[in-house]
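Below you'll find the structure, written out as structure tokens, and then a few comments.
The values are calculated or read from the model by the stated rules, or taken from the named source; none is laboratory data. All values reported here derive from a predicted model rather than from experimental measurement. When we count neighbours, we look across all protein chains shown, and the Cβ atoms used for this are built from the backbone with ideal geometry, even at glycine. Only protein heavy atoms, including side chains, enter the accessible area calculation; ligands, DNA and RNA are left aside. Shrake-Rupley method; radii C 1.70, N 1.55, O 1.52, S 1.80 Å.
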Amino acid sequence: MVLHKGAHRLQFEQVDSPRPDAGQLRLKIEACGVCRTDLHIIDGDLTHPSLPLIPGHEIVGTVAQIGEAAGGFALGQRVGVPWLGHTCGTCRYCVNNRENLCDDPGFTGYTLNGGYAEECVADARYVFALDGHDDPAALAPLLCAGLIGFRSLRLAGDAQRLGFYGFGAAAHILAQIAVWQGREIYAFTRPGDTAAQAFARETGAVWAGGSDETSPVLLDAALIFAPVGALVPKALKDLVKGGRVVCGGIHMSDIPSFAYDDLWHERQILSVANLTREDGETFFPLARRAGVRTQITPYRLERANEALDDLRQGRLQGAAVLLPSQNA
């Protein structure tokens, strides 16, 4: 599925099989999650994609070919490809273990072709081994919704009472980990979205309501997954002194002005950018120990536009996942 121009629908096309360069793997794709970042790319909110582009950065597949000097993997091994496709390795951020802030990165499904396809290539250094994980479709959302959500959770520190603003792919994964860790989850959805609120309670939230409602308790931290800037001042009002608002998306509408009193008492607003390989090395074993189960809606590859429309219109609970074409 190919994007030729921003704010246009994807085209289902036959393209040549990719060949791995030195240090790369060629993968046979088993599943690719549909992420809200894909929407931001396709809808033109993120303005610098490499066109024409195959989107998708929640890729699960098996190794079909190993390029020269791409060690550490075996043919047929199941692996995952995340958003962070490569980094320069030499800038001030890379050398200080902050590769998520690299000055010259490559991003899967944005500046590099991604997983809305039957095959892809990936830099072997940024691929995660997924040995022992059996269901590729269930794994796919962990590659971004899980990883970026986990980075957001880490930035929340040891907060006991967590507010999740937007309860979709990322929140339903992180809620399971947070509950397993003994924390309390308070879920805020679109006003009137009783189905999403019920889903949040089923996933372990102790309370769920609309984002127009005041939290029933003061929160230690708020994680904002919905791309709605107006939720930032709302979340500040729900925090204890010293609490944090963590914005977990790559794109958000403008944050409206708010009273300084809402920020005072050492409250903080943070953003999450990308991920590091260390995030994945920590997250995947943790998700397995916590027994994380993803709720997915599967679509065949050629139905990617339908999956994107369902995500755009809020018709999904959990995550959409693309499977290989019915004609494969």
Inset, instruction - Specify the residue that is surrounded by the fewest Cβ atoms within 10 Å (Cβ to Cβ); the eligible residues are those in region 279-299 that are part of a strand (DSSP E or B) and not aromatic (Phe, Trp, Tyr). - result: PRO298
Inset, instruction - Just give me the residues in region 1-35 being over 20 Å from GLN77 (Cβ atoms) and out of contact with any strand residue (DSSP E or B) (no Cβ under 9 Å at 6 or more places or on another chain), in sequence order. - result: LYS5, GLY6, ALA7, HIS8, GLN14, ASP16
Legend entry - Failed item in (1) over 23 Å from THR62 (Cβ atoms); (2) surrounded by 14 or more Cβ atoms within 10 Å (Cβ to Cβ); (3) of a type outside the set (Lys, Arg), with GLU266 passing the rest: (2)
Legend entry - In region 28-43, the residues that are open to solvent by 30 Å² or more (accessible area, probe 1.4 Å) and either within 19 Å of ALA273 (Cα to Cα) or within 14 Å of the chain's Cα centre (by Cα) (or both): ARG36
Legend entry - Restricting region 74-106 to residues that are touching a residue at least 40 places away in the same chain (Cβ under 8 Å) and surrounded by fewer than 16 Cβ atoms within 10 Å (Cβ to Cβ), the residue that is nearest to the chain's Cα centre (by Cα): LEU101
Inset, instruction - Given the conditions (1) more than 25 Å from LEU39 (Cα to Cα); (2) in contact with a strand residue (DSSP E or B) (Cβ under 8 Å, 6 or more places away or on another chain); (3) surrounded by fewer than 21 Cβ atoms within 10 Å (Cβ to Cβ), report the number of the one that TRP180 does not fulfil. - result: (2)
Legend entry - Tabulated pairs, region 257-269, first free of Cβ contacts under 8 Å to residues at least 12 places away in the same chain and within 11 Å of LEU239 (Cβ to Cβ), second open to solvent by less than 70 Å² (accessible area, probe 1.4 Å) and of a type outside the set (Phe, Trp, Tyr), C-beta under 9 angstrom, 6+ apart or interchain: none
